1. Looking for whichever is modelled with pLDDT of 90 or more and closer than 17 Å to residue 115 by Cβ here; the options are 98, 105. Which one fits?
2. Taking the range 79-103, which residues are in a loop (DSSP other than H, G, I, E, B) and in contact with a helix residue (DSSP H, G or I) (Cβ under 6 Å, 6 or more places away or on another chain)?
3. Please find, among 116, 59, 68, the residue that is touching a helix residue (DSSP H, G or I) at 6+ places or on another chain (Cβ under 6 Å) and either at pLDDT below 90 or not in a helix (DSSP H, G or I) (or both).
4. Using beta carbons and a limit of 7 Å, which pairs, at least six apart or on different chains, have the first residue in the range 57-72 and farther than 21 Å from residue 102 by Cβ and the second one surrounded by 14 or more Cβ atoms within 10 Å (Cβ to Cβ) and modelled with pLDDT of 80 or more?
5. Exactly one condition in (1) part of a helix (DSSP H, G or I); (2) more than 30 Å from residue 60 (Cα to Cα) is false for residue 76; which is it?
6. Of the residues in the range 84-110, how many are surrounded by 13 or more Cβ atoms within 10 Å (Cβ to Cβ) and without any contact (Cβ under 8 Å) to a residue 24 or more places away in the chain?
7. For the subset of the range 119-129 comprising residues that are surrounded by fewer than 14 Cβ atoms within 10 Å (Cβ to Cβ) and not in a helix (DSSP H, G or I), which member is modelled with the highest pLDDT?
């Protein structure tokens, strides 16, 4: 069974839609419940970041979420590469493509970890203690 690029893109897209479907409604329901309880819906717990840089800042939150998404996509591609390798049936072209998928997924994971470390190091260096 050969997986085409369209099938892989469809799998990645459906996974992203499933994640959005799981996480977005829960936040909306929490905001609605907070508004009904008389809590400020814009800042229900007072833990919304208000600074641009720092340990609990807007920039740090955005970077951490983006790096988490990149890491999750890399893990998904690693799994897809393993499945492609398993079902390659000894065809050298499919085996090579599966190995490339695994290699690029591992490179993506390493880059995501290094980017996380560099961003946190730079933010620690530019923010006052």
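The values are calculated or read from the model by the stated rules, or taken from the named source; none is laboratory data. Just so it is clear, the structure is predicted and the values come from calculations on it, not from any experiment. Heads up, the Cβs are rebuilt from the backbone with ideal geometry, glycines too, and the neighbour counts pull from every protein chain shown.
1. When all the criteria are applied, what remains is 105.
2. The answer is 88, and nothing else.
3. Numbers: 59 fails: touching a helix residue (DSSP H, G or I) at 6+ places or on another chain (Cβ under 6 Å); 68 fails: touching a helix residue (DSSP H, G or I) at 6+ places or on another chain (Cβ under 6 Å).
Being touching a helix residue (DSSP H, G or I) at 6+ places or on another chain (Cβ under 6 Å) and either at pLDDT below 90 or not in a helix (DSSP H, G or I) (or both) holds for just one of 116, 59, 68, which is 116.
4. Going by the 7 Å Cβ cut-off, the qualifying pairs are 63/119.
5. (2)
6. The number of residues fulfilling the criteria is 6.
7. Our first condition is that a residue be surrounded by fewer than 14 Cβ atoms within 10 Å (Cβ to Cβ); within the range 119-129, this holds for 121-122, 124-126, 128-129.
Next cut, not in a helix (DSSP H, G or I) only: 128-129.
Details: 128: 67, 129: 60.
Top of the filtered list is 128.
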